[in-house]
């Protein structure tokens with residue numbers, strides 16, 4: 001849990017650093033693309049000179065003459081200046097075209113460093129995760145870096161080079177230190193299904209393993225030091241939040257030491273009719289939108305009216321009150337029961353536009369609301 005928390009902190013710090021070095025990375029990418037589009041000309045050969053005699057430098061040193069016998073060639077220097085000026089003008093023209101997007105489809109040759117895939121050998125052996133992590137870090141350091149060449153259009157090459165430049169500009173050690181500090185001071189770990197590890201005072205049967213899980217959690221929640229590949233992380237200031245249904249067990253069934261580490265207890269109220277309406281309408285990935293997209297694949301336009309959604313909320317709330325209260329999970333099977341005929345006939349149906357109103361919902365689901373025994377099978 002703590003290692004995952006540090007990984008999340010590193011992702012947050014990296015995203016923050018990327019925004020600050022984005023402009024510099026884009027400037028470097030532009031220069032590298034220009035280098036790929038305009039290969040540098042081969043160096044000109046120097047004029048051959050007579051090889052100096054073995055003792056010429058001693059004679060010159062004794063007479064006070066300079067030892068370097070290379071004389072500047074004014075014509076060569078002028079040619080080099082003109083060539084450099086032409087190269088600069090050409091480069092600026094290509095820079096303008098590159099910024100205008102005229103070279104997006106031009107192919108360039110890239111050299112990409114291949115990343116070694118981690119091999120998990122000891123992950124399933126208890127207590128060996130850290131040793132495996134250390135071995136992988138060692139192999140990354142001593143292993144040779146493999147590079148490969150590939151052709152790509154400028155549009156794709158820009159993305160690859162930008163990622164490489166962002167990696168080069170980042171200080172990994174500073175990022176790791178900041179991420180570890182962020183995880184220690186602002187980290188939150190949420191432990192769900194805590195009721196599943198509740199065991200009575202008598203350790204019999206499955207209660208033995210439940211007590212063992214509680215003992216494993218206790219030192220982490222109390223505050224300990226966990227070793228990660230980014231450094232040691234202290235959990236003293238990490239906020240731990242636990243949740244559970246506790247319909248068959250009680251918080252008092254936990255170990256007294258573990259109970260004391262969760263001093264603030266909050267009991268959540270059951271979902272109301274208005275809560276079900278919000279769940280069906282407000283989220284971007286609500287069940288109503290999911291079914292609209294699903295049937296839209298068969299060109300069926302599905303529309304949920306306001307009274308239809310209210311009827312769904314009423315039925316979900318009523319069934320939760322009369323049978324086991326399973327919260328918003330009730331909406332999954334109620335909607336599946338409501339739309340099973342439409343989903344089955346969607347490819348062949350002639351009417352491609354359907355409205356789900358209150359009357360349609362109550363007619364389809366009246367058996368669930370009237371027959372309590374039948375509603376027990378709707379999980």
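If you take every DSSP beta bridge whose two residues both sit in the stretch 187-260, what share of them, in percent to the nearest 5, is antiparallel? Write out the running numbers ahead of the final one.
Values: 4 of 8 bridges.
The antiparallel fraction comes to roughly 50 percent.
Hey, what did the stretch 273-375 get for relative contact order, percent, Cα under 8 Å, at least 6 apart?
Working: 97 pairs, mean separation 37.1, N = 103.
Relative CO of the stretch 273-375 lands at 36 percent.
Quickly rank 247-258, 356-367 as a protection proxy: mean count of other C-beta atoms within 10 Å, highest first.
Values: 247-258: 14.2, 356-367: 16.2.
Ranking the peptides 247-258, 356-367 by packing returns 356-367, 247-258.
Just subtract the alpha-carbon distance of residue 85 and residue 7 from 0.36 nm times their residue separation and send over the number in nm, one decimal.
On the way: separation 78, 0.36 × 78 = 28.08 nm, distance 4.95 nm.
Stretched fully, the residue 85-residue 7 segment lengthens by 23.1 nm.
Each value in this text was obtained by applying a stated rule to the coordinates, not by laboratory testing. Note that this is a predicted model, so its numbers are computed, not measured. For neighbour counting, all protein chains shown are included, and Cβ atoms are generated from backbone atoms with ideal geometry for every residue, glycine included.
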